[in-house]
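Enquirer: First, the structure itself, so that you have it in front of you.
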Amino acid sequence: MAAVMPAPAASRHLLSGNEAVARAVWEAGVKVAAAYPGTPSTEMLEEIATYPDLYAEWSVNEKVSLEVAIGAAYAGSRAFCCMKHVGMNVASDALMTLTLTGVSGGLVIAIADDVGLSSSQNEQDSRYWGRFAHVPVFEPADSQEAYAMTLDAFALSEQFQVPVILRMTTRINHVKSIVTVGERVPHTGAGFRKDPARYVMVPGNAGKRIPLMFQRDRDLRALAETSPLNFIEPGSDRRVGFITSGPAYMHVKEAFPDAPVLKLGFSCPAPFEKCRELAALVDQVVVVEEVEPLLETELKAQGIAVIGKDILPLQGELSPAVLRPAIARLLGEALPESEATAALQLFPRPPTMCVACPHLGVYYTLSQVRNLNISGDIGCYTLGAGHPWQAMDTCVSMGASMGIALGMDKGRGESDKDKRVVAVIGDSTFLHMGMQGLLDMVYNKGNVTVLLLDNRAVGMTGGQDNPGNGRDIHGDEAPRIDFAKLVSALGVKDERIHVVNPYELPVLFKTIREEVKVPDVSVIITDQPCVLIKDYHKLKPYAVDEDKCTGCGNCIDVGCPAIHVTRRGKEVKASGREVDLAFVRIESSVCTGCGLCLQPCAPKAIEHYVPSAPIQFVKGGCSA
Amino acid sequence: MSATTNILVVGIGGQGVMTATEILAEAAIALGHDAKKTEVAGMAQRGGVVSSHLRFGERVLSPQITPGSADVLLGFESAEAMRWQHMLKKGGITLMNTARLVPPVVELGLFDYPDDPLAEIRKTGNKVVAFDATTIAQELGDIRLGNTVMLGAIADHLPFGAEVLLDCVLKRFARKGEKLVELNRRAFEAGRAAVGAAEAALA
């Protein structure tokens, strides 16, 4: 179901790295592309799915997506798989043996590192997978390279029958720059050829493949030495030379236009001779790499004198602003003077849950129940750890809420004796890696109340479809999982399974209160859709009757961004205690009438808004 | 202006900052420039801070604007315009919407929203022009025209003519009918006029 005709060959476009890779995947004649959404990789598969003549799927997790791609590549077709950096932690079990079997059709795995942690739980360097799994790594420096290297990667993959990693970072995935696209070259798979010695990795077979893998390493390194993707720009200022890759290359060129540079596009296995060649040109060599001192360590082990993380940061993005002072200090030069005014101090503006988000009711309720340890998970609902709810105590990895909750239950210390353990997980995260944890919890007789927040979307990455909403990647009908039946099948007792509307606070409150008291595994499923997907329907907005508002501020604790304070005050109670008052208004142009805020409103001051003119709903914020 | 022009567009998630920057990039490309556009947008969809960088010129290398080198800062929200003052070069200019979008952390009493962001920016000595894009859009009949008002506001602070940018804006609405094209043309011109009037008043 292609949305548009692909743009003609030789035309120039402003494309993100993700869009550029998608175009190349289509041009390369890929037959199967699979992924699980994850920032900053998500748009690759979203975009691929708009092209004709290929199969694209949202898989339930990254490991499955890689396995789907492997199957297609075994069958001789070209296959593509993409994921965010932490996705490869999940998929790596397959990768580490895939390297022994190799592939028949070309297989490219794009891994998107969230350098700078814009939307991730850690910052890890995916270049290590190249070394760990003995597979080549390409590192593009902009969208045009992302496009071209994807095509090159398919060719290399087939030449050496090896999967190729395309290592991207946020500054490649999400930066838009100009790309000249080409023609699609159809690719026909050879079909699956049975070859147990190659594809059945039992010890006897696998052991024979390992020497082949090491020989392949040597061959690839020799190729990297002469690859046009690795080149030296001799420069004119020979005091410092740079070895660099990915977006860091652009920062080096920007900051030191006259310096000799070895740019590595085919960065693993690293071309050590090429590095020596650069070193011979200059007084000092600085390795500029995001994130870890990986190449630096390898070069030092080779006896090549280089400087790296001794003067550059180990964490976060590099930029000309980071590089210039570090190199000036190295050369003993005065630091370049900054024209910038000092940054002004201002409140932070953390991401918020949306107006009328169904999670608001869940976290408001959790914040009102005492004595809980709440094991959380990864998704929009991770925001429940923040203000005003502060109702999530841990967040580690996809699906971890289950196992961590069970561990908290079994590993109770003296101070936790009377605490109730709650786990909170979203629908897609549950299907990704939470199901196994729940099964473990049931099997091992845990005492945990699980809140399964089913909002029918992978929310944080932009509302992608999943098996929980009955739509495939094209929005077409697909089998829809029944969560109540699923958790029942995993062994949760039927009387411990509740499906609750999270906008009905009294019911939700009562259900949570009762279930946490039962020493068993309970699952409370909330069933209202994400407000950003088409399943959500707006209702009539509300407004505050200023004459009735007493300033109690209860509604603010719901955490809806449509509620604003108009004035603050103080009141002395009969007991002599002074309390703060906050009088509010509702931004009716963004309110969608979920009704959460009126439930805790003591004076019943919130009523349906009567507009003086037709209401225009505004996307995002509102003006005061 | 220097060989590479640096435009920083800032606001909060959902305001249309990234789309506005993309239209500016399209205009630069239409003139044959190289261009790169990038965001710092942590979970931007959720009302967080968004700052979108556009660099264009003969050849653009690093996509990020170095602090102290932005030529123009286009602020969709007043506190956000304040947040990024350190990105401006000496002699750079801030064009800001006076809208105040107060986040939940302020409503909860955890932080204060500045009383007068415009005055705080003036104190830095940086040039700043303020206008009420939200009201202008409302007066034209649709608050969603705010983005086009913002693009009109920057139109006379680019190293190319306003009509190039206007063309790129209107192209986006061409398929949606003449009425919407006309409304956006008026919004664009209203943004231009608002900045022009504010600058005349300062001079």
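The values are calculated or read from the model by the stated rules, or taken from the named source; none is laboratory data. All figures in this text were calculated on a predicted structure; none of them were measured in a lab. Positions of Cβ are generated from backbone atoms using ideal geometry, with glycine treated the same way; all protein chains shown enter the neighbour counts.
Enquirer: Do we have residue A:304 as touching a residue at least 24 places away in the same chain (Cβ under 8 Å), not in a loop (DSSP other than H, G, I, E, B) and not basic (Lys, Arg) here?
Expert: no
Enquirer: Given region B:63-178, what strands (runs of 3 or more DSSP E) lie entirely inside it while holding 1 or more residues that are facing chain A (nearest Cβ under 7 Å), crowded, with 22+ Cβ neighbours inside 10 Å and of a type in the set (S, T, N, Q)?
Expert: Per the criteria, no element qualifies.
Enquirer: Look at region A:232-260 and say how many of its residues are part of a strand (DSSP E or B), surrounded by fewer than 24 Cβ atoms within 10 Å (Cβ to Cβ) and within 14 Å of another protein chain (Cβ to nearest Cβ).
Expert: So the answer is 1.
Enquirer: What number goes with the only condition from (1) within 7 Å of chain A (Cβ to nearest Cβ); (2) crowded, with 24+ Cβ neighbours inside 10 Å; (3) farther than 19 Å from residue B:160 by Cα that residue B:36 does not pass?
Expert: Of everything listed in (1) within 7 Å of chain A (Cβ to nearest Cβ); (2) crowded, with 24+ Cβ neighbours inside 10 Å; (3) farther than 19 Å from residue B:160 by Cα, residue B:36 misses just condition (3).
Enquirer: Further, regarding this structure: If you check residue B:5 against the conditions, is it more than 9 Å from chain A (Cβ to nearest Cβ) and of a type outside the set (A, V, I, L, M)?
Expert: yes
Enquirer: Yes or no: region A:261-275 includes at least one residue that is at positive phi and either hydroxyl-bearing (Ser, Thr, Tyr) or modelled with pLDDT under 95 (or both).
Expert: Within region A:261-275, none of the residues are at positive phi and either hydroxyl-bearing (Ser, Thr, Tyr) or modelled with pLDDT under 95 (or both).
Enquirer: Please give the number of the condition residue A:352 fails out of (1) crowded, with 18+ Cβ neighbours inside 10 Å; (2) outside the structural domain of residue A:418 (by TED's automatic domain parsing); (3) on the phi > 0 side of the Ramachandran plot.
Expert: Failed condition: (3).
Enquirer: Does residue A:340 satisfy being part of a loop (DSSP other than H, G, I, E, B) and either under 29 Å from the mean Cα position of the chain (by Cα) or away from chain B (no Cβ under 12 Å) (or both)?
Expert: So residue A:340 does not fit the description; no.
Enquirer: Oh, and also: Restricting to region A:317-332, name every residue that is more than 9 Å from every other protein chain (Cβ to nearest Cβ) and either in a helix (DSSP H, G or I) or out of contact with any helix residue (DSSP H, G or I) (no Cβ under 8 Å at 6 or more places or on another chain) (or both).
Expert: Within region A:317-332, A:322, A:323, A:325, A:326, A:327, A:328, A:329, A:330, A:331, A:332 meet the criteria.
Residues checked against (1) small (Gly, Ala, Ser); (2) without any contact (Cβ under 8 Å) to a residue 24 or more places away in the chain; (3) over 22 Å from residue B:19 (Cβ atoms):
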| position | (1), (2), (3) |
| --- | --- |
| B:108 | no, yes, yes |
| B:111 | no, yes, yes |
| B:131 | no, no, no |
| B:140 | no, no, no |
| B:145 | no, no, no |
| B:148 | no, no, no |
| B:162 | yes, no, no |
| B:170 | no, yes, no |
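Enquirer: So residue A:412 passes all but one of these: (1) in contact (Cβ under 8 Å) with a residue 12 or more places away in the chain; (2) surrounded by fewer than 18 Cβ atoms within 10 Å (Cβ to Cβ). Which condition number does it fail?
Expert: (1)
Conditions tested, residue by residue: (1) away from every other protein chain (no Cβ under 14 Å); (2) farther than 30 Å from residue A:447 by Cα; (3) of a type outside the set (Val, Ile, Thr); (4) in contact with a strand residue (DSSP E or B) (Cβ under 6 Å, 6 or more places away or on another chain).
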| residue | (1), (2), (3), (4) |
| --- | --- |
| A:505 | yes, no, yes, no |
| A:569 | no, yes, yes, yes |
| A:599 | yes, yes, yes, no |
| A:604 | yes, yes, yes, no |
| A:609 | yes, yes, yes, yes |
| A:612 | no, yes, yes, no |
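Enquirer: Condition first: under 18 Å from residue A:143 (Cβ atoms) and either outside the structural domain of residue A:481 (by TED's automatic domain parsing) or not aromatic (Phe, Trp, Tyr) (or both). Can you find one or more residues in region A:79-86 that meet it?
Expert: Yes - at least one qualifying residue is present in region A:79-86.
Enquirer: Restrict the check to region A:143-162 and report whether at least one residue is in a strand (DSSP E or B) and within 15 Å of residue A:81 (Cβ to Cβ).
Expert: Checked region A:143-162: no residue is in a strand (DSSP E or B) and within 15 Å of residue A:81 (Cβ to Cβ).
Enquirer: Answer yes if at least one residue in region A:94-103 is among the aliphatic types (A, V, I, L, M) and within 29 Å of residue A:480 (Cβ to Cβ), and no otherwise.
Expert: Yes: one or more hits.
Enquirer: I've got another one for you. Could you say whether any residue in region A:54-69 is within 15 Å of the chain's Cα centre (by Cα), part of a helix (DSSP H, G or I) and in contact (Cβ under 8 Å) with a residue 40 or more places away in the chain?
Expert: no
Enquirer: Hey, another quick one. Over 30 Å from residue B:32 (Cα atoms) and assigned by TED's automatic domain parsing to the domain that holds residue A:144: which single residue out of A:33, A:24 fits that description?
Expert: A:33
So that you can scan it fast, the table gives a plain yes or no per residue for (1) touching a strand residue (DSSP E or B) at 6+ places or on another chain (Cβ under 6 Å); (2) among the basic types (Lys, Arg); (3) surrounded by 21 or more Cβ atoms within 10 Å (Cβ to Cβ):
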residue	(1), (2), (3)
A:492	yes, no, yes
A:502	yes, no, yes
A:509	no, no, no
A:516	yes, no, no
A:523	yes, no, yes
A:527	yes, no, no
A:534	no, yes, no
A:537	no, no, no
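Enquirer: Just to be sure, is residue A:76 under 27 Å from residue A:203 (Cβ atoms), outside the structural domain of residue A:292 (by TED's automatic domain parsing) and touching a Phe, Trp or Tyr at 6+ places or on another chain (Cβ under 7 Å)?
Expert: In short, yes.
Enquirer: Moving on to the next point. In region A:23-53, how many are touching a residue at least 40 places away in the same chain (Cβ under 8 Å) and either outside any loop (DSSP other than H, G, I, E, B) or small (Gly, Ala, Ser) (or both)?
Expert: 19
Enquirer: In this structure, does residue A:535 turn out to be acidic (Asp, Glu), touching a Pro at 6+ places or on another chain (Cβ under 9 Å) and not assigned by TED's automatic domain parsing to the domain that holds residue A:368?
Expert: Yes.
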